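Q: Once you've had a glance at the structure underneath, I'll fire off some questions.
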Amino acid sequence: MIILEEVNRIFSVGGQEVRALDGINLQVKPGEYISIMGPSGSGKSTLLNLLGLLDRPTSGRYLLSGSDVTGLDDKQSARIRNKTIGFVFQFFHLIPRLSAVQNIELPLLLAGIPPRKRREKSTAIINDFGLFERRHHKPEELSGGQRQRVAIARAVINSPSLLLADEPTGNLDSKSGLDIITLLEALNQQGLTLIVVTHDLEIGSRARRRIHFLDGRIVADS
Amino acid sequence: MRTADILSFAWISLAAGRVRSLLTLLAMSIGVAAVVVLTGVGEGARQYVVGQFSSLGTNLVIILPGRSETSSGSPSTFIGETPRDLTIGDAVALQRLPTVKLQAPVVAGESGIARKGLERRVPVLGTTASLLSIRHLHLAAGRFLPPGDPRQSRAVCVLGVKVRQELFGAQPAVGRLVRIGEHRCRVIGVLASEGRSLGLDTQEMVVVPVAFAQMLFDTEKLFRILIEGRGRAELDRLKQQVLALLTRRHHGERDVTIITQDSVLATFDRIFSMLTLTVAGIAGISLAVAGILIMNVMLVSISRRTSEIGLLKAVGASNSAVVRLIVTEALLLAGVGGLLGLGLGLIAGRLVEQIYPDLSAAPPLWAVGAALGTALLTGLLFSLLPARRAARLDPVLSLAKR
Ligand SMILES: Nc1ncnc2c1ncn2[C@@H]1O[C@H](COP(=O)(O)OP(=O)(O)OP(=O)(O)O)[C@@H](O)[C@H]1O
Ligand SMILES: [Mg+2]
């Protein structure tokens, strides 16, 4: 599913080099459930952004589903972000003007899928995720847990094969946090490759494979 | 993305910044309205002037004997050879040209007119029935000269209003006899009071058949021949045909001068068109201002929506898709503003027409097109910069903002 070969990501801040990722080698098989932990600034988000094609490595190679995606142009990588990768963020990133359904349908909208088909898909997911009652609510009218549910629904509506979550429970109380991680795990059960970045040991230890980061390197992988 | 979806997304975004959007809309519509009204009034003024000329007879061509000094160049005039006279025969021959609608030979002179001891001197115009239509004259009473062979002299006359007044006072004039020079002459009509014609005050003159005038003044020559062409477009052809015919009839001598009002009219036309364009240009500046406002709105909205743009990219928007979204928002603002402005402008034009009923303030079609086009173009141009800025946003950094 994912192969990273000698991936470096170097930022230069005020003439100073910051090695956010330092010689990362990583293989992820389809359907895996991985948690990534490590101290603040160790490069976890940077890795996730690279995997999500929101960022590019300074050097190294990234193979996704067998093809090299390191040097894709903007259009091609946008297409992959739309079709094969789902992103879940700590701060949800829902568009405040749009209702829950509209937010969920956003990837389909960008893909140019006609309204009827969008509605079909979103209705199914909304029911699965228990958001039916809230589907016409604006994000500000939803609780944190509900917002994250909407965000996850948006991430998976286009049936991606890879789901990347950067501290998905970081902004939630422990009960809704548990709720959300259970939902993600259920999606993983259905075959979705799941990578979760977290500070929460309890949540991190639920994953079958746990990767620890320190100063841009993988220091433990079990 | 489907066009309808882009539009509705843009619409939702604009609706979110309602006040800003409305203000920009207002600026844009004022700009467009200004263009529409000013060009409408300019065009109306042009048409008014052209119309005034037309009522004098735009298709009017005047032939005078002799080559005018300005256009002379033929040696014959230098030698001092007297030009051949224009004759009734020339006038009758001209009528056969296909481009000539009407022709009227004119003889002019001054003579005494008398009735029952009342006598005065008046300008006398000898002509034919066609003059009435060529010079757009109207009658206050009776009839104008009867149609018929212009060579036939009939002792009838049509009086100007003042002449009638002085000779007849309150009594009816039509059917009475007057004496012009040595000839008795029956009054058949009275001209309505009108302005001047051929440099003569129509109120003060007396119109008689051309052959009668020739007899009165003992002359064969015509003072002028007036021609009404069939159309403005054919005026050049008419001039050539007239010139060719008269040159042939005058044994190869180009000894007439042909005057049209077309050249004067064309000048006015040009001046007014220039004026209209100038005002349109000035009004166009307000469109540019509106464009800058649009740019400002878009810049503000982008900086407020940085994380949203990052999100759009994360869920699959390419840079060009982001550009399209932003530009569509601007175009929507500009387009709706433009349409509003058009409506406003048309209403204002109607108001102008209410105040000055003679003036048509309907904007020319090109101005409507240009105003809307410019509105959209400014929307496009001034949104490109914000849109490109949005497209260049680093999604990672934008998503880091909450
Ligand atoms: N755009 C950037 N420009 C400069 N430096 C950056 C940038 N993004 C990340 N860094 C640096 O790279 C390093 C790794 O950052 P990263 O965000 O991946 O850490 P993290 O492990 O996700 O931390 P946290 O747990 O606090 O989210 C940090 O030192 C950070 O300062
Ligand atoms: Mg992070």
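What follows is calculated from the coordinates using simple rules that are stated; it is not laboratory data. No experiment lies behind these values; they were computed from the predicted model shown. Cβ atoms come from the backbone with ideal geometry, glycine included; neighbour counts cover every protein chain shown.
Q: Run down the lysines and flag those whose C-alpha is under 18 Å from the C-alpha of B:Lys162, throwing out any fewer than 8 positions away in its chain.
A: B:Lys116
Q: Rounded if a/c is under 1.5, else prolate if a/b is larger than b/c, else oblate: which is segment B:127-225, with a ≥ b ≥ c the root eigenvalues of its Cα gyration tensor?
A: Oblate, because a/c is 1.5 or more while a/b does not exceed b/c.
Q: A further question on this structure: Positive end of the dipole of the protein assembly as shown, charges at C-beta (+1 Lys, Arg; -1 Asp, Glu), about the Cα centre: which of B:Gly373, A:Ser161, B:Pro123 has its Cα farthest in that direction?
A: The residue sitting farthest along the positive end of the dipole is B:Pro123.
Q: Name the shape class, rounded, prolate or oblate, that the alpha-carbon gyration tensor gives for the protein assembly as shown, where a ≥ b ≥ c are the square roots of its eigenvalues, rounded holds for a/c under 1.5, and otherwise prolate holds if a/b is larger than b/c and oblate otherwise.
A: The shape class here is prolate.
Q: Calculate the dipole size of segment B:67-254 relative to its Cα centre from +1 charges on Lys and Arg beta carbons and -1 charges on Asp and Glu beta carbons; express the result in debye to the nearest 20.
A: The calculation lands at about 500 debye.
Q: Quick check: Cα centre of segment B:274-313 to Cα centre of segment A:167-222, how many Å?
A: 46
Q: Here's another thing I want to ask about it. Quick one: work out the % antiparallel among DSSP beta bridges in chain B, nearest 5.
A: 80
Q: Same structure, new question: State to the nearest 20 debye the size of the charge dipole of chain A about its Cα centre, where the only charges are +1 on K and R beta carbons and -1 on D and E beta carbons.
A: Computed about the Cα centre, the dipole is about 780 debye.
Q: Need one word for segment A:72-222: rounded, prolate or oblate. Basis is the Cα gyration tensor (sqrt eigenvalues a ≥ b ≥ c); a/c below 1.5 gives rounded, then a/b vs b/c decides.
A: In terms of gyration-tensor shape, oblate.
Q: Right, something else. Kindly provide the helix-only [θ] at 222 nm of chain A, computed as the sum of -39,500 (n - 2.57) over DSSP H runs of four or more divided by all residues, to the nearest 500 deg cm²/dmol?
A: Details: 8 runs with 75 residues, N = 222.
The per-residue figure over chain A is -9500 deg cm²/dmol.
Q: Quick check on chain A: of the DSSP beta bridges with both residues there, what percent are antiparallel, nearest 5%?
A: Expressed as a percentage, antiparallel bridges in chain A total about 55.
Q: Same structure again: Considering only DSSP beta bridges whose two residues both sit in the protein assembly as shown, what percent are antiparallel, to the nearest 5?
A: Given both bridge residues lie in the protein assembly as shown, the antiparallel proportion sits at roughly 70 percent.
Q: Among B:Leu246, B:Pro172, B:Ala93, whose Cα lies farthest out toward the positive end of the dipole of segment B:67-254, if unit charges sit on the beta carbon of Lys, Arg (+1) and Asp, Glu (-1)?
A: B:Pro172
Q: So if I place +1 on the C-beta of Lys and Arg and -1 on the C-beta of Asp and Glu, and nothing else carries charge, what would the dipole magnitude of the protein assembly as shown be about its Cα centre? I want it in debye, nearest 20. Walk me through the intermediate numbers first.
A: Working: 71 positive and 52 negative charges, 246 e Å.
Magnitude of the dipole: close to 1180 debye.
Q: Dipole of the protein assembly as shown (Lys/Arg Cβ +1, Asp/Glu Cβ -1, origin at the Cα centre): which of A:Leu131, B:Leu235, B:Gln203 lies farthest to the positive side?
A: Value computed over the given set: B:Gln203.
Q: Step through the residues of segment A:197-209 one at a time and calculate ³J(HN,Hα) from phi using the Karplus curve (6.51 cos²θ - 1.76 cosθ + 1.60, θ = phi - 60°), rounding each to whole Hz and writing x for Gly and Pro.
A: 8, 8, 9, 7, 4, 4, 6, x, 7, 6, 6, 5, 10
Q: Across segment B:322-335, in residue order, what do the Karplus-derived ³J(HN,Hα) couplings come to in whole Hz, using 6.51 cos²θ - 1.76 cosθ + 1.60 with θ = phi - 60° and x for Gly and Pro?
A: Per residue, the Karplus-derived 3J(HN,Hα) values read 5, 4, 4, 4, 5, 4, 4, 4, 5, 5, 5, 4, 5, x Hz.
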